[in-house]
Amino acid sequence: MEKELDSFLVELIVLAIQDLSNEPEVYMNGHLLININMEKPYGESDIVLANNFLESMNKDGEYHIFSCCCGMPDCSGWEKPFQILTQEGIVKWVDPNNDKIWCFDKSIMTEQIKTIQEDVQIFKTYFKKKEIDYVGVGYSW
């Protein structure tokens, strides 16, 4: 019997950040949030490594998808990279750190990423008109 596909949701979260170090300044910071089967598979202080995640959608291999907020995956227990395999429209994530395997519909993931990329462009254009910098996920897109 085939395993039912896991649900996958990736969202763009944009927050206003105030920098008080020199002249008070506000910028908008975008980051990704991933839920698998309605739960975050990583800790509250962890982050999604967006560039690795996006690359894994185009090329199978080993990727660190999650990391400590400092940018070092092993700092919060992500010592081994995920194994990403795509076959017949199904993306399989193997997490050797927690002995978990998830399988997702690639078309759903791809559509969500496309929406996020469009949203980033809208945010960047809008905030630029207000002379507010947009940083984080999609800054270099």
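On inspection, Phe8 fails the criterion of being surrounded by 13 or more Cβ atoms within 10 Å (Cβ to Cβ), out of contact with any strand residue (DSSP E or B) (no Cβ under 6 Å at 6 or more places or on another chain) and under 24 Å from Tyr139 (Cα atoms).
Listed by first and then second residue, the pairs linking a residue in region 17-29 that is over 24 Å from Val137 (Cβ atoms) to a residue that is open to solvent by 60 Å² or more (accessible area, probe 1.4 Å), with Cβ atoms under 7 Å apart and 6 or more places separating them unless they lie on different chains, are Pro24/Gln18. Going residue by residue through region 30-50, is there one that turns out to be open to solvent by 70 Å² or more (accessible area, probe 1.4 Å) and part of a strand (DSSP E or B)? Taking every residue of region 30-50 in turn, at least one turns out to be open to solvent by 70 Å² or more (accessible area, probe 1.4 Å) and part of a strand (DSSP E or B).
Of everything in region 79-122 that is farther than 13 Å from Phe53 by Cβ, hydrophobic (A, V, I, L, M, F, W, C) and under 17 Å from the mean Cα position of the chain (by Cα), the residue that is modelled with the lowest pLDDT is Val120.
Can you work out which of the residues in region 14-29 that are aliphatic (A, V, I, L, M) and surrounded by 12 or more Cβ atoms within 10 Å (Cβ to Cβ) is nearest to Ile65 (Cα to Cα)? If you could, list the steps in order and put the result at the bottom.
Initially, region 14-29 is screened for residues aliphatic (A, V, I, L, M), giving 14-17, 20, 26, 28.
From the residues that got through so far, the ones that are surrounded by 12 or more Cβ atoms within 10 Å (Cβ to Cβ) too are 14, 17, 26, 28.
Values: Val14: 20, Ile17: 24, Val26: 28, Met28: 23 Å.
Selected residue: Val14.
Confirm whether Ile122 is surrounded by fewer than 17 Cβ atoms within 10 Å (Cβ to Cβ) and in contact with a strand residue (DSSP E or B) (Cβ under 7 Å, 6 or more places away or on another chain). In short, no.
Here Trp141 clears all of (1) hydrophobic (A, V, I, L, M, F, W, C); (2) buried (at least 18 other Cβ atoms within 10 Å of the Cβ); (3) touching a helix residue (DSSP H, G or I) at 6+ places or on another chain (Cβ under 8 Å) except the condition numbered (2). Among the residues of region 4-29, the ones that are of a type in the set (D, E, K, R) and not in a loop (DSSP other than H, G, I, E, B) come to 3 in all.
Of the residues making up region 49-61, none is over 19 Å from Val14 (Cα atoms), acidic (Asp, Glu) and modelled with pLDDT under 95. Screening region 52-130 for strands (runs of 3 or more DSSP E) wholly inside it with 3 or more residues that are without any contact (Cβ under 8 Å) to a residue 40 or more places away in the chain returns the ranges 61-63, 66-68, 82-87, 90-95.
The values are calculated or read from the model by the stated rules, or taken from the named source; none is laboratory data. If you're wondering where the values come from, they're calculated on a predicted model, not measured in any experiment. Methodologically, a virtual Cβ is constructed for each residue, glycine included, from the backbone with ideal geometry; neighbour enumeration extends over all protein chains shown. To get the accessible areas, we keep the full protein, side chains included, count just its heavy atoms, and leave off ligands, DNA and RNA. Shrake-Rupley method; radii C 1.70, N 1.55, O 1.52, S 1.80 Å.
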